[in-house]
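Below is one structure, written out as structure tokens; the observations come after it.
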Amino acid sequence: MTDAKEYGKALFLLTEEENVTDTVLADLKIAKEVLLQNPAYEKLLDTPALPKSEKIALINESFASLHEILVNFIKILCEKRAIYHFSKAADEYLKLYDETRGIERVEAVTAVAMTKAQCDALAKKLTMSLDKTIIIKNTVDKSILGGMKLRYAGIQLDGSVQKRLESFEKSLKNIVI
């Protein structure tokens, strides 16, 4: 049995070989969203009660506008009763895409939404320090009061006001009078 990472890697290598990686990436995001929003459809494609020919017809109809390689990939997953691997395979595809193109996706958690100019400035600064193309995703979390938390590549940098206040409180508790 092959796992989702292997499926994602196989799809990525095929699209690289065929020089359609960017096109399939865009279509992959669409297909992933469709399957996530319609779990009953995914279940239908996995049921043994529905004949294979009907499943293939459903896939052809539902994903007709997507690249042929991706449609065939979905058919393979369906035939192997592994359609539930699709989301994780898509994540692996995106990970490999980012690695080969020097892209780092960074989540910036702030108390208020960042402006486009702030996101661009942060991306520029991180690009210089990480030597990668940075894609910023801004998440709002009012509990951090101010400042920012950055999450990327399994790292979390906490420069929030909340963290600074906690550190200050800890240092005050350690003062002997």
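The values are calculated or read from the model by the stated rules, or taken from the named source; none is laboratory data. Values in this document were obtained by computation on a predicted structure and should not be read as measured data. Cβ atoms come from the backbone with ideal geometry, glycine included; neighbour counts cover every protein chain shown. Each accessible area value is taken on the protein alone, full model and side chains, heavy atoms only, with ligands, DNA and RNA left out. Shrake-Rupley method; radii C 1.70, N 1.55, O 1.52, S 1.80 Å.
Listed options for log10 I(q)/I(0) by the Debye sum over Cα atoms at q = 0.11, 0.12, 0.17, 0.18 Å⁻¹ are (1) -0.55, -0.64, -1.06, -1.13; (2) -0.64, -0.72, -1.05, -1.10; (3) -0.47, -0.56, -1.14, -1.28. The value calculated from this structure is the one marked (2). Within the accessible surface of region 43-82, defined with a 1.4 Å probe on protein heavy atoms only, the carbon and sulfur portion equals 53 percent. In sequence order, region 58-71 has phi-based couplings of 4, 5, 4, 6, 6, 10, 4, 7, 8, 4, 4, 4, 5, 4 Hz under the Karplus curve 6.51 cos²θ - 1.76 cosθ + 1.60, θ = phi - 60°, and Gly or Pro positions carry x. Taking the full set of protein chains and a 1.4 angstrom probe, give the accessible area of K124 in square angstrom, rounded to the nearest 10. My reading of the accessible area for K124 is about 140 Å².
May I ask you to rank V112, V20 by accessible area, largest first, using a 1.4 Å probe over the protein chains only?
The residues order as V112, V20, largest area first.
Mind giving me the FRET efficiency for V20 and D46? R0 is 25 Å, r the Cβ-Cβ distance, nearest 0.05 is fine.
Working: r = 27 Å, r/R0 = 1.08.
The formula returns an efficiency of 0.40 here.
Backbone geometry of region 122-128 corresponds, through the Karplus equation with coefficients 6.51, -1.76 and 1.60 at θ = phi - 60°, to 3J(HN,Hα) couplings of 5, 4, 5, 5, 5, 4, 5 Hz, x marking Gly and Pro. Near the amide H of S160, within less than 5 Å, lie the amide hydrogens of M148, all on another chain or at least 5 residues away, with H placed in the peptide plane. Placing pseudo-labels 7 Å out from each Cα toward the beta carbon at A113 and E166 gives an inter-label distance of 2.7 nm.
Taking every DSSP beta bridge that has both residues in the chain, what percent is antiparallel when rounded to the nearest 5?
Details: 10 of 18 bridges.
Among the beta bridges of the chain, antiparallel pairing accounts for roughly 55 percent.
Backbone amide hydrogens, once placed in the peptide plane, bring E104 within less than 5 Å of T133, I134, I135, excluding anything fewer than 5 places away on its chain. Our estimate of slack between E79 and D158, defined as 0.36 nm per intervening residue step minus the Cα-Cα distance, is 23.9 nm. Each part reduced to its alpha carbon centroid, region 59-103 and region 144-159 end up 31 Å apart.
Couplings for region 16-30, taken from phi via the Karplus curve 6.51 cos²θ - 1.76 cosθ + 1.60 with θ = phi - 60°, read 5, 4, 8, 6, 10, 4, 5, 4, 5, 4, 4, 5, 4, 5, 5 Hz in order; Gly and Pro are left as x.
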